[in-house]
Amino acid sequence: MNYGAAELAAATAFGADTLRFQVSQPSLDPQSPLYDAAYTASVTAAIKQARAAGFVVMISMQDETNSGETGFNPFATAETVRDWDALNATFGADRGVLYELYNEPRPAKSDANWALWAYGGTNAAGASDPVAVGMQPLLDHLRAAGSQNVMVLDGLGIGRTLDGVPTINDPLGRVVYAVHPYQRGSDDESKWDVDFGIPSTKMPVWADEWSAGFGADIGLGNLTSYQVAVDLLNYLRDHSIPLGGGAFDVPGVMTQTVPGWAPTTYKGSTPANSMGNSGQLVHTLFTTNYGRPLTAADGL
């Protein structure tokens, strides 16, 4: 509702150089009852506007319930392929547009689920489409259609982990593996190495969705300190893992108000008064260009 030149200018002032657009998979698909031609046109126009403003744009294919979807598809499907075909016809030659092929595959990590993630097969029980499309055949399909874009591949467990991820072969060598390292109410830092630190020594890794609000299920929950958020950003910096803070256009997450776009802070925030979030931390990380470790004071 607030998208436009003013918001793009605010994102630049925040220190961002990349915008991640979560797009509705069913609303882009002419074969879906949720298809919306006006929405499809608005997505294309928004991406072009952001590119003209100097941003790299990542298109994230979203099939969770906030996309309007009512069925459960834990992996990419034929609908995903149709949508990427349409988007690729417009953006396939633009190296400044990145394709996040499928947002947050839901199943937990296991050898069987990684095989489904990579190569496809019979979808998980309850899926609205019985056939899962793997990342490898989807990437191969898009490359054969002429795509020059970087492909961003989310880990399993709703994007939590890259532990055990198969290597996806790309003739252009343009694959990045993504995690969403939300705290989910825990200050346990012991799994970071396995979930994304060690993988980052072997392949390009991007933490492309994260925030840490008090009281939030995907944030700090009932923790009484935001030190774990500071620690995470320093860990990412130490491992050369770039960050995407989400979302810039949702009040109280990266920014306090929309419009307005002043970064959120942790000043005075507690689980009972959960107005605070990690916007100032992320803003400092961006504007210092990862140039120094953060401290708790950077969140205020």
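The values are calculated or read from the model by the stated rules, or taken from the named source; none is laboratory data. These numbers come from a predicted model, not from an experiment. Note: ideal-geometry Cβ built from the backbone for every residue, glycine included; neighbour counts use all protein chains shown. The protein model used for the area step is the full one, side chains on, heavy atoms only, and it has no ligands, DNA or RNA in it. Shrake-Rupley method; radii C 1.70, N 1.55, O 1.52, S 1.80 Å.
Would it be correct to say that Y35 is aromatic (F, W, Y), on the phi < 0 side of the Ramachandran plot and open to solvent by less than 60 Å² (accessible area, probe 1.4 Å)?
Details: aromatic (F, W, Y): yes; on the phi < 0 side of the Ramachandran plot: yes; open to solvent by less than 60 Å² (accessible area, probe 1.4 Å): no.
No: the conditions fail for Y35.
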Answer residue from the range 5-32, given it is small (G, A, S) and either free of Cβ contacts under 8 Å to residues at least 12 places away in the same chain or assigned to a helix (DSSP H, G or I) (or both) and is least open to solvent (accessible area, probe 1.4 Å) among those | A11
Of the residues in the range 204-220, those that are open to solvent by less than 30 Å² (accessible area, probe 1.4 Å) and either of a type outside the set (S, T, Y) or farther than 21 Å from H239 by Cα (or both) number 10
In the range 221-250, residue surrounded by the fewest Cβ atoms within 10 Å (Cβ to Cβ) [restricted to those that are of a type in the set (G, A, S) and under 13 Å from A296 (Cβ atoms)] = S225
For the range 52-94, enumerate the residues that are within 13 Å of L28 (Cβ to Cβ), of a type in the set (A, V, I, L, M, F, W, C) and not in a helix (DSSP H, G or I).
-> I59, M61
Residues (in contact (Cβ under 8 Å) with a residue 24 or more places away in the chain and out of contact with any Ser or Thr (no Cβ under 7 Å at 6 or more places or on another chain)) located in the range 285-300 | L285, F286, T287, Y290, P293, T295, A296
Options V253, V282: the member that is under 21 Å from R184 (Cβ atoms) and either outside any loop (DSSP other than H, G, I, E, B) or open to solvent by less than 10 Å² (accessible area, probe 1.4 Å) (or both) | V282
Any residue at all in the range 180-196 that is open to solvent by less than 10 Å² (accessible area, probe 1.4 Å) and over 30 Å from M275 (Cα atoms)?
-> no
